[in-house]
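Have a look at the structure below, then the notes.
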Amino acid sequence: MTPTFVLIHGSNANSFSWAPLMRELALRGHRSLAVDLPGHGFAAGMPSAYQTQDAAELAVAASKLDGVGLQANVDHVTAILERAREHGPVIAVAHSRGGVTLTAVANRRPDLLDRIVYASAWCCVEHTPREYVARPENAGSVLDQAMGVAAANPARLGAVRMNWRTADPVLLGALKDSMLADGTDDEFRVFLSTLTPDESLDAGGPEDRADAATWGRIPRSYVRLTQDTSIPIELQDLFIKEADALTPDNAFDVHTIETSHVGALVHPERFAEILAGLA
């Protein structure tokens, strides 16, 4: 039977960013659905201060993601996978921070997954996300140059809040470098407009690293994005290396695309080709 591709987005993103890839998959005869994690998509919080760009109010307006952790993501995705599984095999695909959710789901319910795919996504094996950020393999990341986009104190808000509507040209340049350096300015601005301001504080802990006994028995693929400066290629390769060492009899099937962090979402033809080959 033809599998269903279940697509899991990254930080501050939503199902909307998967639309170009879903179109390419459909034109190749493949079924797919894009998940909106809790507090994302049309369920996202969008403070009026974000629209008016009232910085003082934006810093204190309540967040719908206050107290919403990784377990909520796991429960939500699991429920979707259970329904999708009624219609045949399931291939789950995660981008960026979506990999944290994918790993946690696979740890708990490997029976729902026929293959898992990480597209420049976090695949935590030996360390937590916070620890990976401090590793030398992450030294090429330019995300620290874009941290001025933070719009609130996470400890006070109970969530991470970003002001993607900043007019600061330096910040906008750093954001483009980190997301879509190989895209046009128009493509970058359109993508930026699809992001919502709030993201969960909970990126998982030691208990959410890959479990060899469950996660480790699912066939898996990694799609390397070589021009990624959010999750550098050196860090992507470390994820692959550590995962393969964890379960050497079930190593990653590895593919490579010469593009930036969201380039494979904006121009998804090669990405769709890879996924179609896994069906």
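So, by mean Cβ neighbours within 10 angstrom, what's the order for 272-279, 100-107, 32-39, 140-147 with the highest one leading? Display every interim value, and only then the final one.
Values: 272-279: 17.9, 100-107: 25.6, 32-39: 20.6, 140-147: 15.5.
With the highest mean Cβ count within 10 Å placed first, the list reads 100-107, 32-39, 272-279, 140-147.
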Item to check | Solvent-accessible heavy-atom area per residue, rounded to whole Å², over segment 7-96 at 1.4 Å | outcome: 44
Item to check | Solvent exposure of segment 98-230 as accessible area per residue, Å², 1.4 Å probe | outcome: 41
Checklist entry - Can you give the relative contact order of segment 64-121 as a percent, counting alpha carbon pairs under 8 Å and 6+ residues apart? => result 40
Next on the checklist: Taking 8 Å as the Cα distance limit and 6 or more residues as the minimum spacing, I'd like the relative contact order of segment 70-224 as a percentage.
Outcome noted: 33
Checklist entry - Let a ≥ b ≥ c be the square roots of the eigenvalues of the Cα gyration tensor of segment 39-158; is it rounded (a/c under 1.5), or, if not, prolate (a/b larger than b/c) or oblate? => result oblate
Checklist outcome for this item: Relative contact order as a percentage, the chain, C-alpha pairs under 8 Å and 6+ apart, gives 25
Item to check | Cα-based radius of gyration of segment 102-155 once divided by 2.2 N^0.38 Å, which approximates compact folds | outcome: 1.51
Checklist entry - Round to a whole number: what % of the accessible area of segment 173-238 belongs to carbon and sulfur, probe 1.4 Å? => result 52
Next on the checklist: With the cut-off at 1.5 for a/c, could you classify segment 137-279 from its C-alpha gyration tensor as rounded, prolate or oblate?
Outcome noted: oblate
Checklist entry - Carbon-plus-sulfur fraction of the accessible area of segment 17-69, 1.4 Å probe, in percent? => result 57
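The values are calculated or read from the model by the stated rules, or taken from the named source; none is laboratory data. All figures in this text were calculated on a predicted structure; none of them were measured in a lab. Here Cβ is always computed from backbone atoms with ideal geometry, including for glycine, and neighbour counts include all displayed protein chains. Accessible surface is based on the protein model in full, side chains and every heavy atom, while ligands, DNA and RNA are left aside. Shrake-Rupley method; radii C 1.70, N 1.55, O 1.52, S 1.80 Å.
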